[in-house]
Structure formats: structure tokens, C-alpha cells
1. How far, in degrees from 0 to 90, does helix 93-106 lean away from the longest principal axis of the Cα atoms of the chain, to the nearest 10?
2. Could you tell me what percent of the DSSP beta bridges with both partners in the chain are antiparallel, to the nearest 5?
3. Which values, in whole Å and largest first, are the semi-axes of the equivalent ellipsoid of the stretch 31-74 obtained as the square root of 5 times each eigenvalue of the Cα gyration tensor?
4. For Cα pairs less than 8 Å apart in space and 6+ apart in sequence, what is the mean separation divided by the residue count of the stretch 207-360, i.e. the relative contact order in percent?
5. Taking all protein chains in place and a 1.4 Å probe, what share, in percent, of the accessible surface of the chain do carbon and sulfur account for?
6. Which pairs in the list Lys324/Lys373; Lys133/Lys313; Lys290/Lys373 are over 26 Å apart, alpha-carbon to alpha-carbon?
7. What list of ³J(HN,Hα) values in whole Hz, one per residue of the stretch 256-270 in order, does the Karplus curve 6.51 cos²θ - 1.76 cosθ + 1.60 (θ = phi - 60°) give from phi, with Gly and Pro shown as x?
8. Under the rule of at least 5 residues apart or a separate chain, name every residue whose amide H is placed under 5 Å from the amide H of Ala255.
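The values are calculated or read from the model by the stated rules, or taken from the named source; none is laboratory data. Source: prediction; values computed, not measured. Cβ: placed from backbone, ideal geometry, glycine included. Neighbour counts: every protein chain shown. Heavy atoms of the whole protein, side chains included, go into the accessibility calculation; ligands, DNA and RNA do not. Shrake-Rupley method; radii C 1.70, N 1.55, O 1.52, S 1.80 Å.
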Amino acid sequence: MRTFTRTLNRTAVLQIDSVNVLARAHYMPLFSRMGPYDTGLLRRASEKAPRRMVEYWAHVAAFMPVDLWPYMRHRMRSYEERGHEWVAIQHRPELVGSLLAEVRERGPSTPRDLDDGLPTKKTHWGWNWSETKKVMEYLFASGQLAVAGRNQQFERLYDLPERVIPPQYLDAPEPTARGAAGELLRRAAVAHGVGTEFDLRDYFRLQHDRALQPFVKPALAALVESGELLEVRMEGRDRPAYLHRDAARPRRVDARALLSPFDPLVWERDRTEQLFGFHYRIEIYVPEAKRVHGYYVLPFLLGEDLVGRVDLKSDRKSGSLVVKGAYAEPGAPDRTARELAEELVSMAGWLGLSAVVVEQRGDLAAELTVAVKELAGA
């Protein structure tokens, strides 16, 4: 748990996504950094006292360290005053009080629990939210409800904040808007190590935060003036950048990791391309015939370069981690297939799968097949 907490504090956010073709998105950044870990740690950290992290709209829907709750209060109040852009709340204000009262009485609840089995209309392919769900999302965004956990269907269990957030954070004095913007920029700088103003703003989506956005530039200037951030030039970037004073600059990098499409290292695609020369797009919503690399494609980090990518699927019925496609980047080192095979075997074991199966799609597939077979034989 100490390693888990240290890793969470370094990344600051774990983006949540419902796609489960491989593993839920929030589990993956921890695996990439820690290796095979007990996923029960995440559930313990987010659902049991003392809570170490909590869900909120920190980047998008994400887990964040629970001590960031006070720094989100300005954002919460903004949502309370204007509603969430996805949820037009004004037409059902009477539901707010009644739902809060029902949650207070029942404890952690999903909207379906409170809908009491009422059917929802299937009007389009995406979300089909009941009025209850819309109001509870508004109450969550505005901080009037918090997330106590998730059920087996991956639905949020909403509860009163005082039953979720530890009192030292729930009752903490509210920072000024400039202080909140400064702390979020500081956390972003610690997580990124180095980044442009846009990188640091985007980490907690400050450019979309009506309450904090006006304070970003003065807060950034204060961090530079204090010496916590150092102005630098980043190779490959055409904008001024900022290096956190505690960022380590090793002589060599021995990293090896498969990265989720929602990993903080690659979620801002332009930054990924400028830093690594790696053009990356998620193709989940692209029709299958038009996909270039596949449905759920993970970049492969080796050393300090992104050297390839793999389209992965957990076939839980057969107990196999299936590589639907494997691709090498130009200039990938000769050891890429072997290193990737070792990482895939490690991931399969972490996911409780007994085999890695490589399908013959992509220019790295044949070599990866040999490497996987050699590891299986060994």
C-alpha cells in the first residue's frame, strides 16, 4: 500500500473509462509503473477507511488523492451554480432535495436503486440516463454527493460526502482560487516532470474550469518566482516549458511498460507526438474497416522511446491475452519483440490469464510470436 500511495501521488489522477476489453483504464497506469500488483489495493484505497483516493472530475472522470478534495471546491461550486454541461438540471430542481434525503436514509445508492426499477428509454447508442441519474451526476459534480465505491456492474454508488471524505479534508479551510490553481499546477508539474503551460493546465483541465481558469497565469508565475518551477526549453516543443525543481534527470532510462490509451504519459496526443515522434489515436469509435492499428491499442515504452504498439484483448473464456496486432515503430531496437513478449507475459499473469496468443497482424507479429514461444518453452 505504501508503494501504491507513492505511485498515486506521483500520477495524481487515474482516469476512469468503462471499456473493459483488456482491463479497466484506472488499473493500468499503476501496472505500468509498479508491475503486477494486487488490484484489491485500489479498491481498498478508494472504498475503505482511511480513504486514500476518491472519484471526481479531476482530469475527466478520475480517481485523485483524497487530499485534493478542498482544491476542487471552486469547481464544485461552479457546477452547483450553473449545472454540468451534460446535465440540464434546471427543469427538475425538486428532485435535488428528495434524492439527497433518500441517499441520506438509504446509504450508498445507484440511480437504478432510486429509480426503483423504472425502465429507461433506449433512444440512441450511447448513455440513456434517467432523470435520477442526471440529477445525481449534477450532485456529484457539485460536491453534494461523493462516490463511495462501484458495484459489480461498474455503476457508481453515491453517498453523502461526510460518509466518504475523511473529515480533515472535508472540513479543511477552502483555499483561495489562486491557491487552488497553484496547487493543481504544482501537482501537474510533479506528475509530468516537465511541460508547457498547456500541459500543466490540461492535467487537471484548468482551461475548462470557469472558477480557476483566470488564476492560472498568475499562479504559474508565482511558482516560477518561488523557484519551484524552472523555465526551460524542451526539445521538440515550440513553446516555453517548465521543469519541476525536484524532477530527476537520470543519465539513462531503463523503463519498460505497456501504456493504456488513458495513461497520463500519452493521453495528450500532440504532446506524445512532439516528445516521442509517436502519432497515436484511439480507434474505439472508428469503424473496424477503417482502423489503422486496432480497437484497443497500447503504446510500448522501452527505455526513453515509444518503440511499438499492440492491440490487446483479454479473452477471459479461453484464459488468453490475445495480441490482435503488433507493430514496430521506425528505428525500434532489435530487442523490441523479446522485451515486449516479457511484458505481455507479465501482464497476462497479472490479469489471471494463462497464455499469450499472437495473431498475425502487423509487422512485429511474426517476431513477437517467436519470442512468446521461446518464453513459454523456457
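1. 80
2. Just about 90 percent of them are antiparallel.
3. On the way: eigenvalues 92, 35, 12 Å².
Working from the Cα gyration tensor, I get semi-axes of 21, 13, 8 Å.
4. Values: 215 pairs, mean separation 23.1, N = 154.
It comes to 15 percent, rounded to a whole number.
5. Working: 9100 of 18460 Å².
Of all accessible area on the chain, carbon and sulfur atoms account for 49 percent.
6. Those over the limit are Lys133/Lys313; Lys290/Lys373.
7. My calculation for the stretch 256-270 gives 8, 7, 8, 10, 4, x, 10, 6, x, 5, 10, 6, 9, 5, 5 Hz in order.
8. Those qualifying (amide H under 5 Å, at least 5 residues apart or on another chain) are Gly303.
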